[in-house]
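Contents: one structure, followed by commentary.
The values are calculated or read from the model by the stated rules, or taken from the named source; none is laboratory data. Computed from a predicted structure; not experimentally measured. When we count neighbours, we look across all protein chains shown, and the Cβ atoms used for this are built from the backbone with ideal geometry, even at glycine.
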Amino acid sequence: MIANQENIVNKNYFGVKHYNVKIVKEKLSPIRFIINVISYAVFMWLILIGITLLIYIADTKIRAAKGDFTPPKYNAYVVLTGSMIPEILPNDVVITKRTEGEKLKVGDIITFIPSDTRISNIIVTHRILNKYYDATTKKFTYQTKGDNNNTPDFTLAEDQNIIGRVIFKIPKVGYIQALLATRGGIIIAILIPALVILSYDLMKLGRNIMRSKNKSKTKIVRG
């Protein structure tokens, strides 16, 4: 007789041994399940970021090769000030879509480069208060204002300086962008997922070693 081998049946076919092995599905502990979820979530998040960056860079390069230096159709910007509170908070990320002037309307939130030369090096996200059309130039201009500001902006936003209309926002992602902009942040972003995956692999290796030791202690007695 063979002890501790109730799930394995030894059969002989033409001098070759065959075994019927019963596979028992291992139950995941809550900790392992959480580690798996976090690891896959981080992995998928990094893949999505990578794909998005590749598409953005490819689109920019292709348009530049064709002589088109206008902003991409879709873009993302971190809002740094509280001028649009409560609609948009500091460190929210706004996603913009390039939109033709005739399709923009009063009440839309737009991202644009100010006409005021004193602040033309910054990008502003404000709401359209009024919209004007110049029949001579056949261009639109827009009076804009931050929801949290007391007065409208000093100058009108010009059609050619509109980057896009805000289509949705991602709350607080700007904190991640600010972290990744630092050398330490990049290290942390790489190190934490790596440590999570490494810890899980070490735990799995340790369990496998313990199982191997337990199996080696099991004696097979033949009668």
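Here are a few things to note about the model shown:
- Qualifying residue in the stretch 54-63 (condition: under 19 Å from the mean Cα position of the chain (by Cα) and either within 30 Å of Leu156 (Cβ to Cβ) or touching a residue at least 12 places away in the same chain (Cβ under 8 Å) (or both)): yes
- Matching residues in the stretch 99-119 - criterion: being within 32 Å of the chain's Cα centre (by Cα) and surrounded by 12 or more Cβ atoms within 10 Å (Cβ to Cβ): Thr99, Gly101, Leu104, Asp108, Ile109, Ile110, Thr111, Phe112, Ile113, Pro114, Ile119
- Thr151 vs. criteria modelled with pLDDT of 90 or more and in a strand (DSSP E or B): no
- Pick from the stretch 94-115, criterion in contact with a strand residue (DSSP E or B) (Cβ under 8 Å, 6 or more places away or on another chain) and among the acidic types (Asp, Glu), ranking: nearest to Arg127 (Cα to Cα): Asp108
Yes/no per residue for (1) within 30 Å of Ala135 (Cα to Cα); (2) acidic (Asp, Glu); (3) outside the structural domain of Thr141 (by TED's automatic domain parsing); (4) modelled with pLDDT of 75 or more:
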residue	(1), (2), (3), (4)
Gln160	yes, no, no, yes
Ile163	yes, no, no, yes
Ile170	no, no, no, yes
Ile192	no, no, yes, no
Leu195	no, no, yes, yes
Leu198	no, no, yes, yes
Lys215	no, no, yes, no
Ile220	no, no, yes, no
